[in-house]
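The values are calculated or read from the model by the stated rules, or taken from the named source; none is laboratory data. Every value quoted in this text rests on a predicted model; they were computed, and no experiment measured them. Cβ placement follows ideal geometry from the backbone for every residue including glycine, while neighbour counts extend to all protein chains displayed. Areas reflect the complete protein model, heavy atoms only, side chains present, ligands, DNA and RNA absent. Shrake-Rupley method; radii C 1.70, N 1.55, O 1.52, S 1.80 Å.
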Amino acid sequence: MSVAVTAGDEALTEAARRIAAEFAAPNADDVDRNARFPREAVEAMREAGVLSSLVPTALGGGGASVAAAAEACFELGRSCGASAMVLAMHQIQIGCMVNHLDGSAWFEDYLREVVAEQRLVASITSEVGTGGDLGKSVAAVSEPADGQASFEKQAPTVSYGEYADAFLTTVRRAPDADGGDQVLVLTKREQMEMEPQGTWDPLGMRGTCSPGFVARASFPTEQILSTPFAQISNESMTPLSHVLWSHVWLGIATDAFDRARAFVRAAAKRKPGEPLPAAIRLSELMSELSLLRAEVSLALEEYGTLISSDRAKLSEMATILRFNNLKIAASEQAPVVCQGAMAVGGIVAYKNDTPFSVGRHLRDSMSACLMVANERIHKTDASLLLIAKEV
Amino acid sequence: MKDQIRQVIREHAHLSVDVETLGDDADLYQAGMTSHASVNVMIALEDTFDVEFLDSMLKRSVFESIDSIAGALQEVGVPA
């Protein structure tokens, strides 16, 4: 497949805007209604080289910054939450590999393959029997024999599990390792057996197609990242997830706000000069959107600085608290904005088939508090707040 | 100092093994200390030695072994 590799940030944001307008937006309602994979948008991402935008230029990738990746998630989120979330999750997996491959020749080769073949990477982090704690695994890497190992993992959700080319999976380091002693393994679909479990008919984010799977894999041990997962989680997976997800949610909320604004403008044109109660509500809504935007932008700026120049600080408890709070705050505020937009538009916003509909936005945004349950994050934060100093 | 550290670990780290079987450089997380338990260890250390750790010290790697904890305590002024 021939691929026009994006060069840098501008190329990524330009591609994301174009794909959002030409592929994500026109299919968003159909993707949502049928809970189907946003294949048009993802195919367009492949053709534009977006799937390797975070791979360093030294390995042939786009070499884009986290800021550009976040901007791309935001732009797609304004058109189709599911497409944006698929991109966000893929970028998180690539970011983890780029940041923590630690000179591994196998992972460098794999990232070159991502560039050449535009591989879509998903994650298998949640697991039955861990109570939603991603820092614990039941599944373990088997005792290696002739450099080969295997695992079997029961995952309650694997986003785009039917459509990904490879998976980054958390497992215990060895059969006798403690539940928290985890590693990340990258396995290709052809090295795996993915057995679907249950159905996928959720309230929102329907196009992410995230049913459960039993994942079985057999692989050479060089496909295990040598850095412990606890460190990868602190430095990359958790903060990057929270930064990119929150940009998706901001995109969804921004589109809901834009639809409310379009509704008010249309009403104002119909009755020029007459008082418009909806216009006041819209103004109130703008301050809610601004709060969300401020939190999301500030966190992005902070992560961009830390990952490039002060990575050790990402492991400090005060920093972990900060990025956990981003997730909680953004996931609670995005549905507030979407619901506010519905209140502005009234029945025409409530109906699913008007230019001012925000039902999909509201439903999509309500998934935010479940993606790593806020309650669990609060529990972690409650503990960290006892010891951290400046937060 | 290390005896007092071991005492704190015994009471708060909830290890899956007896702390006396571990060397000063053994990885406490691999011995079963959870993130949540590690916070209780930090609080108990601050209390026992009457010190406050700096934010820059409050991270996983600083509390991963008895040796690294001893190093952190010296950094905030506890004599070796």
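In the range A:84-101, is there at least one residue being assigned by TED's automatic domain parsing to the domain that holds residue A:26 and in a loop (DSSP other than H, G, I, E, B)?
Yes, because at least one residue in the range A:84-101 is assigned by TED's automatic domain parsing to the domain that holds residue A:26 and in a loop (DSSP other than H, G, I, E, B).
Being touching a Lys or Arg at 6+ places or on another chain (Cβ under 8 Å) and among the acidic types (Asp, Glu) is the filter here, so list the residues in the range A:166-225 that pass it.
Selection gives A:178, A:181, A:193, A:195.
If you take the residues in the range A:169-226 that are hydroxyl-bearing (Ser, Thr, Tyr) and crowded, with 19+ Cβ neighbours inside 10 Å, which one is nearest to the other protein chains (Cβ to nearest Cβ)?
The residue in question is A:170.
Filter the range A:41-74 down to residues that are under 17 Å from residue A:20 (Cβ atoms) and open to solvent by 30 Å² or more (accessible area, probe 1.4 Å), then give me how many there are.
Count: 5.
Could you identify the single residue in A:31, A:98, A:55 that is closer than 25 Å to residue A:228 by Cα, in contact with a Pro (Cβ under 7 Å, 6 or more places away or on another chain) and in contact (Cβ under 8 Å) with a residue 40 or more places away in the chain?
A:98
Which residue, of B:64, B:75, B:20, is within 13 Å of the chain's Cα centre (by Cα), of a type in the set (Asp, Glu) and open to solvent by 20 Å² or more (accessible area, probe 1.4 Å)?
B:64
Are there any pairs, at least 6 apart or on different chains, whose C-beta atoms fall under 6 Å, with the first in the range A:226-237 and more than 17 Å from residue A:104 (Cα to Cα) and the second open to solvent by 30 Å² or more (accessible area, probe 1.4 Å) and at pLDDT 95 or above, and if so, which?
A:236/A:99
Can you name the number of the only condition in (1) open to solvent by less than 40 Å² (accessible area, probe 1.4 Å); (2) within 23 Å of residue A:162 (Cβ to Cβ) that residue A:34 fails?
Of (1) open to solvent by less than 40 Å² (accessible area, probe 1.4 Å); (2) within 23 Å of residue A:162 (Cβ to Cβ), only one is false for residue A:34: (1).
What are the residues in the range B:11-56 that are touching a Ser or Thr at 6+ places or on another chain (Cβ under 7 Å), within 23 Å of residue B:75 (Cα to Cα) and without any contact (Cβ under 8 Å) to a residue 12 or more places away in the chain, if any?
B:39
Can you say whether residue A:105 is open to solvent by less than 10 Å² (accessible area, probe 1.4 Å) and farther than 22 Å from residue A:170 by Cβ, as far as the supplied structure shows?
no
Go through the range A:302-341 residue by residue and tally those that are more than 14 Å from chain B (Cβ to nearest Cβ) and either β-branched (Val, Ile, Thr) or touching a residue at least 24 places away in the same chain (Cβ under 8 Å) (or both). First the steps, then the outcome.
First pass over the range A:302-341, keeping only residues more than 14 Å from chain B (Cβ to nearest Cβ): A:302-305, A:307-309, A:325-341.
Subsequent filtering for residues that are either β-branched (Val, Ile, Thr) or touching a residue at least 24 places away in the same chain (Cβ under 8 Å) (or both) retains A:303-305, A:307, A:325-338, A:340-341.
Selection size over the range A:302-341: 20.
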